[in-house]
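Single-structure report; data block below.
The values are calculated or read from the model by the stated rules, or taken from the named source; none is laboratory data. Being a predicted model, the structure only gives us computed values, none of them experimental. Because the Cβ atoms are built from the backbone with ideal geometry, glycine has one as well, and the counts that use them run over all protein chains shown. Accessible surface areas use protein heavy atoms only, side chains included; no ligands, DNA or RNA. Shrake-Rupley method; radii C 1.70, N 1.55, O 1.52, S 1.80 Å.
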Amino acid sequence: MPSALDTNMRFKFSILALLLEVIIIVLFGIFVEYDTSEASQTLYPLFQDVHVMIFIGFGFLMTFLKKYGFSSVGINMLIAALGLQWGTLMQGFWHLRGGKMHVNIKSMINADFSTAAALISFGAVLGKTSPLQMLILTILEITIFAANEHLVTEIFQATDVGASMTIHAFGAYFGLAVALVLYRPGLKNKHENEESTYHSDIFAMIGTLFLWLFWPSFNSAIATESIYQIKAIVNTYYSLAACTVVTFALSSLVDQRGKFSMVLIQNATLAGGVAVGTCADLSIHPFVAMSIGSMAGIISVLGFHFLTPLLASKLNIQDTCGVHNLHGLPGIMGGIAGVVVTAIKEEVRQGVHFTPSMQAAALGSTIGIAVAGGALTGGILKLPFLGQASDQNCFDDSVYWEVPKEKPREIQSNNYEHSRFEATM
(Lines give C-alpha, C1' and ligand atoms only; values in the text may rest on other atoms or scores of the structure.)
Protein backbone atom coordinates (compact mmCIF):
# COMPACT_ATOMS: atom_id res chain seq x y z
CA MET A 1 0.00 0.00 0.00
CA PRO A 2 1.23 3.55 -0.71
CA SER A 3 2.62 5.24 2.38
CA ALA A 4 0.61 8.03 3.98
CA LEU A 5 1.76 11.64 3.92
CA ASP A 6 4.08 12.49 6.76
CA THR A 7 2.71 14.69 9.55
CA ASN A 8 4.78 17.69 8.50
CA MET A 9 3.30 17.68 4.97
CA ARG A 10 -0.26 17.35 6.31
CA PHE A 11 0.29 20.37 8.52
CA LYS A 12 1.64 22.37 5.59
CA PHE A 13 -1.54 21.81 3.59
CA SER A 14 -3.89 22.54 6.48
CA ILE A 15 -2.01 25.66 7.59
CA LEU A 16 -1.83 27.06 4.05
CA ALA A 17 -5.52 26.34 3.35
CA LEU A 18 -6.63 28.02 6.59
CA LEU A 19 -4.24 30.94 6.11
CA LEU A 20 -5.51 31.57 2.57
CA GLU A 21 -9.13 31.50 3.74
CA VAL A 22 -8.40 33.98 6.55
CA ILE A 23 -6.63 36.32 4.12
CA ILE A 24 -9.54 36.11 1.67
CA ILE A 25 -12.11 36.82 4.40
CA VAL A 26 -10.13 39.86 5.56
CA LEU A 27 -9.85 41.16 1.98
CA PHE A 28 -13.58 40.64 1.46
CA GLY A 29 -14.23 42.61 4.63
CA ILE A 30 -12.12 45.50 3.37
CA PHE A 31 -13.03 45.65 -0.32
CA VAL A 32 -16.29 43.84 -1.11
CA GLU A 33 -19.76 45.37 -1.14
CA TYR A 34 -23.13 44.23 -2.48
CA ASP A 35 -24.20 45.52 -5.87
CA THR A 36 -27.78 46.47 -5.05
CA SER A 37 -28.88 47.04 -8.66
CA GLU A 38 -31.38 44.60 -10.10
CA ALA A 39 -29.72 44.39 -13.50
CA SER A 40 -28.06 41.02 -12.91
CA GLN A 41 -30.89 39.19 -11.13
CA THR A 42 -32.17 37.61 -14.35
CA LEU A 43 -28.77 35.92 -14.76
CA TYR A 44 -29.26 33.58 -11.78
CA PRO A 45 -30.50 30.58 -13.85
CA LEU A 46 -27.45 30.92 -16.12
CA PHE A 47 -25.21 31.21 -13.06
CA GLN A 48 -26.62 27.96 -11.71
CA ASP A 49 -25.92 26.22 -15.01
CA VAL A 50 -22.32 27.44 -14.98
CA HIS A 51 -22.00 26.46 -11.31
CA VAL A 52 -23.12 22.91 -12.11
CA MET A 53 -20.56 22.73 -14.92
CA ILE A 54 -17.75 23.78 -12.59
CA PHE A 55 -18.52 21.46 -9.68
CA ILE A 56 -20.15 18.45 -11.35
CA GLY A 57 -19.17 18.65 -15.02
CA PHE A 58 -15.45 19.24 -14.60
CA GLY A 59 -15.28 17.09 -11.46
CA PHE A 60 -16.85 13.95 -12.89
CA LEU A 61 -15.20 14.33 -16.30
CA MET A 62 -11.89 13.59 -14.57
CA THR A 63 -13.05 10.47 -12.71
CA PHE A 64 -11.94 8.13 -15.50
CA LEU A 65 -8.81 7.02 -13.61
CA LYS A 66 -9.60 3.78 -11.82
CA LYS A 67 -8.07 4.73 -8.45
CA TYR A 68 -8.29 8.52 -8.51
CA GLY A 69 -12.02 9.27 -8.36
CA PHE A 70 -11.97 10.79 -4.85
CA SER A 71 -9.24 13.22 -5.86
CA SER A 72 -10.82 14.05 -9.21
CA VAL A 73 -14.12 15.15 -7.66
CA GLY A 74 -12.78 16.24 -4.27
CA ILE A 75 -9.76 18.32 -5.30
CA ASN A 76 -11.91 19.77 -8.10
CA MET A 77 -14.30 20.97 -5.40
CA LEU A 78 -11.43 22.40 -3.33
CA ILE A 79 -9.96 24.28 -6.31
CA ALA A 80 -13.36 25.65 -7.30
CA ALA A 81 -14.29 26.76 -3.77
CA LEU A 82 -10.96 28.51 -3.22
CA GLY A 83 -10.80 29.80 -6.78
CA LEU A 84 -14.20 31.47 -6.92
CA GLN A 85 -13.35 33.50 -3.80
CA TRP A 86 -9.90 34.47 -5.06
CA GLY A 87 -11.29 35.10 -8.54
CA THR A 88 -13.83 37.56 -7.12
CA LEU A 89 -10.98 39.54 -5.61
CA MET A 90 -8.54 39.35 -8.52
CA GLN A 91 -11.15 40.33 -11.10
CA GLY A 92 -12.67 42.90 -8.77
CA PHE A 93 -9.39 44.75 -8.24
CA TRP A 94 -9.48 45.74 -11.94
CA HIS A 95 -12.93 47.30 -11.50
CA LEU A 96 -12.84 49.12 -8.18
CA ARG A 97 -15.43 51.87 -7.69
CA GLY A 98 -14.75 54.17 -4.77
CA GLY A 99 -12.18 51.74 -3.46
CA LYS A 100 -14.75 48.91 -3.38
CA MET A 101 -15.60 45.95 -5.60
CA HIS A 102 -19.32 45.34 -5.98
CA VAL A 103 -20.45 41.72 -6.23
CA ASN A 104 -23.57 40.55 -8.02
CA ILE A 105 -24.71 37.56 -10.06
CA LYS A 106 -22.55 38.55 -13.05
CA SER A 107 -19.43 38.84 -10.89
CA MET A 108 -20.24 35.40 -9.45
CA ILE A 109 -20.40 33.99 -12.98
CA ASN A 110 -17.06 35.59 -13.79
CA ALA A 111 -15.59 34.19 -10.57
CA ASP A 112 -16.73 30.72 -11.62
CA PHE A 113 -15.16 31.35 -15.02
CA SER A 114 -11.81 32.08 -13.38
CA THR A 115 -11.90 28.72 -11.60
CA ALA A 116 -12.57 26.94 -14.91
CA ALA A 117 -9.09 27.93 -16.12
CA ALA A 118 -7.51 26.39 -13.01
CA LEU A 119 -9.61 23.24 -13.35
CA ILE A 120 -8.51 22.81 -16.97
CA SER A 121 -4.88 23.07 -15.83
CA PHE A 122 -5.63 20.56 -13.07
CA GLY A 123 -6.59 18.10 -15.82
CA ALA A 124 -3.14 18.36 -17.39
CA VAL A 125 -1.38 17.36 -14.15
CA LEU A 126 -4.14 15.11 -12.76
CA GLY A 127 -2.76 12.37 -10.52
CA LYS A 128 0.76 13.81 -10.35
CA THR A 129 0.45 16.72 -7.92
CA SER A 130 -0.40 17.10 -4.24
CA PRO A 131 -3.33 19.06 -2.77
CA LEU A 132 -0.79 21.54 -1.40
CA GLN A 133 0.59 22.14 -4.87
CA MET A 134 -2.92 22.61 -6.25
CA LEU A 135 -3.70 25.32 -3.66
CA ILE A 136 -0.66 27.26 -4.84
CA LEU A 137 -1.42 26.67 -8.52
CA THR A 138 -4.99 27.94 -8.05
CA ILE A 139 -3.87 31.19 -6.40
CA LEU A 140 -1.11 31.89 -8.93
CA GLU A 141 -3.07 30.91 -12.03
CA ILE A 142 -6.20 32.89 -11.20
CA THR A 143 -4.07 35.96 -10.43
CA ILE A 144 -2.41 35.71 -13.85
CA PHE A 145 -5.71 34.79 -15.50
CA ALA A 146 -7.41 37.94 -14.21
CA ALA A 147 -4.58 40.12 -15.52
CA ASN A 148 -4.74 38.48 -18.96
CA GLU A 149 -8.52 38.74 -19.06
CA HIS A 150 -8.27 42.46 -18.32
CA LEU A 151 -5.69 42.84 -21.08
CA VAL A 152 -7.87 41.03 -23.63
CA THR A 153 -11.21 42.67 -22.83
CA GLU A 154 -10.20 46.16 -21.68
CA ILE A 155 -6.90 46.95 -23.42
CA PHE A 156 -7.30 45.05 -26.69
CA GLN A 157 -11.11 45.32 -26.47
CA ALA A 158 -11.48 41.91 -28.11
CA THR A 159 -14.66 39.88 -28.03
CA ASP A 160 -14.55 36.44 -26.37
CA VAL A 161 -18.02 35.86 -24.90
CA GLY A 162 -17.54 32.10 -24.46
CA ALA A 163 -13.89 32.52 -23.44
CA SER A 164 -12.36 30.20 -26.06
CA MET A 165 -9.15 32.19 -25.63
CA THR A 166 -9.20 33.56 -22.09
CA ILE A 167 -10.36 30.38 -20.32
CA HIS A 168 -9.88 27.35 -22.54
CA ALA A 169 -6.68 28.15 -24.43
CA PHE A 170 -5.25 29.90 -21.36
CA GLY A 171 -6.04 27.05 -18.96
CA ALA A 172 -4.77 24.39 -21.36
CA TYR A 173 -1.41 25.97 -22.17
CA PHE A 174 -0.87 27.10 -18.59
CA GLY A 175 -1.42 23.50 -17.46
CA LEU A 176 0.75 22.05 -20.22
CA ALA A 177 3.60 24.39 -19.24
CA VAL A 178 3.25 23.27 -15.62
CA ALA A 179 3.24 19.62 -16.76
CA LEU A 180 6.42 20.21 -18.77
CA VAL A 181 8.29 21.70 -15.80
CA LEU A 182 7.01 18.95 -13.48
CA TYR A 183 7.88 16.23 -15.99
CA ARG A 184 8.43 12.82 -14.38
CA PRO A 185 10.78 10.54 -16.36
CA GLY A 186 9.58 7.63 -14.23
CA LEU A 187 6.13 7.92 -15.82
CA LYS A 188 7.40 7.73 -19.40
CA ASN A 189 6.17 4.16 -19.48
CA LYS A 190 2.49 4.22 -18.57
CA HIS A 191 1.74 3.85 -14.85
CA GLU A 192 -0.36 0.84 -13.88
CA ASN A 193 -3.02 3.12 -12.34
CA GLU A 194 -3.17 5.47 -15.34
CA GLU A 195 -6.08 3.65 -16.89
CA SER A 196 -9.83 3.43 -16.57
CA THR A 197 -12.38 0.76 -15.70
CA TYR A 198 -15.88 0.22 -17.03
CA HIS A 199 -17.45 2.01 -14.05
CA SER A 200 -14.94 4.87 -13.86
CA ASP A 201 -15.60 5.66 -17.52
CA ILE A 202 -19.35 5.74 -16.88
CA PHE A 203 -18.79 8.26 -14.06
CA ALA A 204 -16.64 10.37 -16.38
CA MET A 205 -19.41 10.27 -18.98
CA ILE A 206 -21.74 11.82 -16.41
CA GLY A 207 -19.41 14.81 -16.31
CA THR A 208 -19.45 14.99 -20.11
CA LEU A 209 -23.25 15.04 -20.24
CA PHE A 210 -23.54 17.81 -17.64
CA LEU A 211 -20.99 19.92 -19.52
CA TRP A 212 -22.63 19.21 -22.88
CA LEU A 213 -26.11 20.13 -21.67
CA PHE A 214 -25.14 23.37 -19.93
CA TRP A 215 -22.49 24.64 -22.38
CA PRO A 216 -24.95 27.03 -24.13
CA SER A 217 -25.35 28.78 -20.75
CA PHE A 218 -21.57 28.98 -20.34
CA ASN A 219 -21.13 30.67 -23.72
CA SER A 220 -24.05 33.07 -23.30
CA ALA A 221 -23.96 34.00 -19.61
CA ILE A 222 -22.07 37.30 -19.95
CA ALA A 223 -23.47 38.42 -23.33
CA THR A 224 -24.28 42.13 -23.16
CA GLU A 225 -27.87 42.01 -24.45
CA SER A 226 -30.63 39.42 -24.76
CA ILE A 227 -30.37 39.26 -28.56
CA TYR A 228 -26.68 38.37 -28.33
CA GLN A 229 -27.43 35.93 -25.55
CA ILE A 230 -29.94 34.12 -27.76
CA LYS A 231 -27.44 33.98 -30.64
CA ALA A 232 -24.80 32.49 -28.32
CA ILE A 233 -27.23 29.86 -27.04
CA VAL A 234 -28.39 28.84 -30.53
CA ASN A 235 -24.90 28.78 -32.05
CA THR A 236 -23.47 26.72 -29.17
CA TYR A 237 -26.43 24.33 -29.26
CA TYR A 238 -25.89 23.46 -32.92
CA SER A 239 -22.09 23.50 -32.74
CA LEU A 240 -22.15 20.88 -30.01
CA ALA A 241 -24.64 18.72 -31.90
CA ALA A 242 -22.59 18.74 -35.10
CA CYS A 243 -19.37 18.13 -33.17
CA THR A 244 -20.88 15.09 -31.45
CA VAL A 245 -21.96 13.39 -34.68
CA VAL A 246 -18.56 14.01 -36.28
CA THR A 247 -16.78 12.73 -33.16
CA PHE A 248 -18.71 9.45 -33.19
CA ALA A 249 -18.00 9.03 -36.89
CA LEU A 250 -14.26 9.67 -36.56
CA SER A 251 -13.97 7.64 -33.37
CA SER A 252 -15.11 4.59 -35.27
CA LEU A 253 -13.03 5.51 -38.33
CA VAL A 254 -9.66 5.85 -36.56
CA ASP A 255 -10.12 2.57 -34.65
CA GLN A 256 -8.80 -0.46 -36.49
CA ARG A 257 -11.81 -2.50 -35.36
CA GLY A 258 -14.29 0.29 -36.08
CA LYS A 259 -15.27 0.61 -32.39
CA PHE A 260 -16.06 3.79 -30.45
CA SER A 261 -13.49 5.10 -27.97
CA MET A 262 -14.90 6.27 -24.65
CA VAL A 263 -11.99 8.74 -24.28
CA LEU A 264 -13.02 10.48 -27.50
CA ILE A 265 -16.73 10.45 -26.70
CA GLN A 266 -16.10 11.88 -23.22
CA ASN A 267 -13.92 14.73 -24.51
CA ALA A 268 -14.04 15.47 -28.22
CA THR A 269 -17.85 15.78 -28.21
CA LEU A 270 -17.37 18.95 -26.11
CA ALA A 271 -14.85 20.60 -28.43
CA GLY A 272 -17.62 22.30 -30.40
CA GLY A 273 -18.63 24.27 -27.32
CA VAL A 274 -15.05 25.46 -26.85
CA ALA A 275 -14.37 26.36 -30.48
CA VAL A 276 -17.54 28.39 -31.06
CA GLY A 277 -17.11 30.37 -27.84
CA THR A 278 -15.27 33.45 -29.11
CA CYS A 279 -17.79 34.23 -31.85
CA ALA A 280 -20.86 32.58 -30.33
CA ASP A 281 -22.75 35.86 -29.91
CA LEU A 282 -21.79 37.23 -33.32
CA SER A 283 -23.98 37.03 -36.43
CA ILE A 284 -22.35 33.93 -37.86
CA HIS A 285 -25.54 31.94 -38.70
CA PRO A 286 -26.18 28.46 -37.26
CA PHE A 287 -24.68 26.65 -40.28
CA VAL A 288 -21.34 28.39 -39.61
CA ALA A 289 -21.56 27.36 -35.96
CA MET A 290 -22.18 23.77 -37.08
CA SER A 291 -19.18 23.95 -39.40
CA ILE A 292 -17.01 25.22 -36.53
CA GLY A 293 -18.28 22.40 -34.30
CA SER A 294 -17.56 19.80 -36.97
CA MET A 295 -14.01 21.04 -37.49
CA ALA A 296 -13.47 21.13 -33.73
CA GLY A 297 -14.53 17.49 -33.47
CA ILE A 298 -12.06 16.53 -36.20
CA ILE A 299 -9.20 18.46 -34.60
CA SER A 300 -9.91 17.05 -31.16
CA VAL A 301 -10.16 13.42 -32.30
CA LEU A 302 -6.96 13.66 -34.34
CA GLY A 303 -5.27 15.39 -31.42
CA PHE A 304 -6.09 12.55 -29.04
CA HIS A 305 -5.07 9.96 -31.63
CA PHE A 306 -1.79 11.48 -32.82
CA LEU A 307 -0.68 14.50 -30.77
CA THR A 308 -1.06 13.25 -27.19
CA PRO A 309 1.44 10.38 -27.66
CA LEU A 310 3.76 12.77 -29.50
CA LEU A 311 3.67 15.35 -26.69
CA ALA A 312 4.55 12.67 -24.15
CA SER A 313 7.32 10.97 -26.13
CA LYS A 314 8.97 13.92 -27.87
CA LEU A 315 8.20 17.03 -25.77
CA ASN A 316 8.03 15.46 -22.29
CA ILE A 317 4.53 16.82 -21.67
CA GLN A 318 2.41 14.24 -19.85
CA ASP A 319 -1.14 15.51 -20.42
CA THR A 320 -3.24 13.21 -18.22
CA CYS A 321 -6.70 14.35 -19.38
CA GLY A 322 -5.79 15.46 -22.89
CA VAL A 323 -6.65 19.10 -22.19
CA HIS A 324 -4.63 20.10 -25.26
CA ASN A 325 -7.19 18.36 -27.47
CA LEU A 326 -10.37 19.46 -25.68
CA HIS A 327 -9.40 22.98 -24.60
CA GLY A 328 -6.10 24.01 -26.20
CA LEU A 329 -6.52 23.29 -29.91
CA PRO A 330 -10.27 24.12 -30.02
CA GLY A 331 -9.51 27.27 -28.00
CA ILE A 332 -6.98 28.38 -30.62
CA MET A 333 -9.50 27.50 -33.32
CA GLY A 334 -12.09 29.66 -31.55
CA GLY A 335 -9.65 32.55 -31.42
CA ILE A 336 -8.90 32.20 -35.13
CA ALA A 337 -12.63 32.03 -35.88
CA GLY A 338 -13.00 35.35 -34.05
CA VAL A 339 -10.29 36.89 -36.25
CA VAL A 340 -11.98 35.64 -39.44
CA VAL A 341 -15.50 36.68 -38.46
CA THR A 342 -14.49 40.22 -37.43
CA ALA A 343 -12.50 40.56 -40.66
CA ILE A 344 -15.49 39.55 -42.81
CA LYS A 345 -18.22 41.45 -40.98
CA GLU A 346 -18.02 44.62 -38.91
CA GLU A 347 -19.13 44.06 -35.31
CA VAL A 348 -19.76 46.98 -32.94
CA ARG A 349 -20.90 46.58 -29.32
CA GLN A 350 -21.51 49.50 -26.97
CA GLY A 351 -19.33 51.75 -29.08
CA VAL A 352 -16.49 49.20 -29.35
CA HIS A 353 -15.44 48.15 -32.86
CA PHE A 354 -14.03 44.63 -32.85
CA THR A 355 -11.09 44.31 -35.24
CA PRO A 356 -9.24 41.22 -36.50
CA SER A 357 -5.90 42.68 -35.42
CA MET A 358 -7.03 43.05 -31.82
CA GLN A 359 -8.57 39.57 -31.88
CA ALA A 360 -5.25 38.15 -33.09
CA ALA A 361 -3.35 40.13 -30.46
CA ALA A 362 -5.67 38.76 -27.76
CA LEU A 363 -5.08 35.19 -28.90
CA GLY A 364 -1.31 35.58 -29.11
CA SER A 365 -0.94 37.33 -25.77
CA THR A 366 -3.17 34.79 -24.05
CA ILE A 367 -1.06 31.83 -25.19
CA GLY A 368 2.20 33.65 -24.42
CA ILE A 369 1.10 34.71 -20.92
CA ALA A 370 -0.30 31.23 -20.22
CA VAL A 371 2.92 29.45 -21.19
CA ALA A 372 5.14 31.89 -19.29
CA GLY A 373 2.85 31.88 -16.24
CA GLY A 374 2.58 28.09 -16.29
CA ALA A 375 6.35 27.65 -16.52
CA LEU A 376 6.86 30.04 -13.59
CA THR A 377 4.17 28.29 -11.56
CA GLY A 378 5.64 24.87 -12.37
CA GLY A 379 9.03 26.07 -11.12
CA ILE A 380 7.46 27.17 -7.84
CA LEU A 381 5.54 23.90 -7.44
CA LYS A 382 8.78 21.99 -7.98
CA LEU A 383 10.40 23.47 -4.86
CA PRO A 384 11.46 20.51 -2.67
CA PHE A 385 9.84 21.71 0.56
CA LEU A 386 6.36 21.52 -1.03
CA GLY A 387 6.69 17.77 -1.52
CA GLN A 388 4.65 15.51 -3.77
CA ALA A 389 3.83 11.84 -4.20
CA SER A 390 6.51 9.56 -5.59
CA ASP A 391 6.13 8.20 -9.12
CA GLN A 392 4.98 4.91 -7.64
CA ASN A 393 2.16 6.62 -5.72
CA CYS A 394 0.78 8.71 -8.59
CA PHE A 395 -2.86 8.29 -9.65
CA ASP A 396 -3.75 6.76 -6.28
CA ASP A 397 -6.36 8.23 -3.91
CA SER A 398 -5.04 6.35 -0.88
CA VAL A 399 -2.02 8.69 -0.67
CA TYR A 400 -4.25 11.64 0.30
CA TRP A 401 -7.65 10.11 1.19
CA GLU A 402 -9.17 7.60 3.56
CA VAL A 403 -10.20 4.90 1.09
CA PRO A 404 -12.54 1.97 1.93
CA LYS A 405 -10.63 -1.28 2.00
CA GLU A 406 -11.55 -3.70 -0.77
CA LYS A 407 -12.29 -7.33 -0.04
CA PRO A 408 -9.94 -9.85 -1.64
CA ARG A 409 -11.20 -11.14 -4.97
CA GLU A 410 -11.58 -14.65 -3.58
CA ILE A 411 -13.89 -13.45 -0.80
CA GLN A 412 -15.92 -11.33 -3.21
CA SER A 413 -16.25 -14.28 -5.55
CA ASN A 414 -17.27 -16.66 -2.75
CA ASN A 415 -19.86 -14.20 -1.42
CA TYR A 416 -21.27 -13.78 -4.92
CA GLU A 417 -21.49 -17.53 -5.48
CA HIS A 418 -23.02 -17.99 -2.00
CA SER A 419 -25.72 -15.40 -2.72
CA ARG A 420 -26.45 -17.02 -6.08
CA PHE A 421 -26.75 -20.42 -4.39
CA GLU A 422 -29.16 -19.04 -1.76
CA ALA A 423 -31.26 -17.43 -4.43
CA THR A 424 -31.86 -20.84 -6.04
CA MET A 425 -32.96 -22.54 -2.81
Accessible carbon and sulfur surface of the stretch 16-154 relative to its total accessible area, %, 1.4 Å: 69
Per principal axis, descending, Cα span of the stretch 57-141 in whole Å: 51, 22, 16
Surface share of carbon and sulfur [accessible, 1.4 angstrom probe, percent] for the stretch 170-241: 65
Distance violations [Cα-Cα > 22 Å] among Lys66/Lys405; Lys128/Lys314; Lys106/Lys231; Lys190/Lys405; Lys12/Lys128: Lys190/Lys405
Per-residue SASA entry for Val73, accessible area with 1.4 Å probe, Å² rounded to 10: 40
Under the Debye formula (equal points on every Cα, no solvent term), log10 I(q)/I(0) of the stretch 304-381 at q = 0.15, 0.16 Å⁻¹: -0.69, -0.75
Reciprocal of mean inverse Cα separation for the stretch 104-175 (Kirkwood radius, Å): 12.6
Loop trypsin sites (Lys or Arg not before Pro), the stretch 205-314 (other Cβ atoms within 10 Å of the site Cβ: 11 or fewer; DSSP): Arg257, Lys259
Dimensions (Å) - the chain, Cα atoms, principal axes, largest first: 74, 53, 50
Label-point separation in nm, Arg257 to Ile206, each point 7 Å along Cα→Cβ: 2.7
Crossing angle, helix 226-254 versus the chain [Cα axis fit, 0-90 degrees, rounded to tens]: 40
Candidates Val348, Val181, Val263: whichever shows maximal mean-square fluctuation once the chain is modelled as a Gaussian network with Cα springs under 10 Å: Val348
Label point 7 Å beyond Cα of Asn316 along Cβ direction - residues of the stretch 121-161 with amide nitrogen under 20 Å: 124-130
Listed residues Ile155, Ile30, Ile56 arranged by accessible area, highest first, probe 1.4 Å: Ile155, Ile30, Ile56
Quotient of Cα Rg and 2.2 N^0.38 Å for the stretch 268-325, N being how many residues it contains: 1.32
Per-pair calculated FRET efficiency, R0 = 35 Å: His353 and Phe287 via Cβ, rounded to 0.05: 0.85
Per residue accessible area in Å² of the chain, where ligands, DNA and RNA are left out and the probe is 1.4 Å: 46
Gyration tensor over alpha-carbon atoms, the stretch 78-227, equivalent ellipsoid semi-axes in Å: 30, 19, 14
Surface accessible to a 1.4 Å probe, Met101 within the full protein complex, Å²: 10
The chain, helix-only ellipticity at 222 nm - DSSP H runs n ≥ 4, -39,500 (n - 2.57), divided by all residues, nearest 500: -20500 deg cm²/dmol
Per-residue HN-Hα couplings for the stretch 87-97 [Karplus 6.51, -1.76, 1.60; θ = phi - 60°; Hz; x = Gly/Pro]: x, 4, 6, 5, 6, x, 4, 7, 9, 5, 10
Accessible surface ranking that places the most exposed of Thr355, Thr278 first, with a 1.4 angstrom probe: Thr355, Thr278
The stretch 1-158: relative contact order in percent, alpha carbon pairs under 8 Å with at least 6 residues between: 27
Spread of Cα-to-Cα distances over 10 Å intervals beginning at zero, given as percent, for the stretch 168-283: 12, 30, 35, 18, 5, 0
Chain lengthening between Ile227 and Leu16 when straightened (0.36 nm per residue, less Cα-Cα): 71.5 nm
Accessible surface of Met108 - all protein chains present, 1.4 Å probe, nearest 10 Å²: 80
Heavy-atom SASA rank of Lys190, Lys382 (probe 1.4 Å, accessible area, largest first): Lys190, Lys382
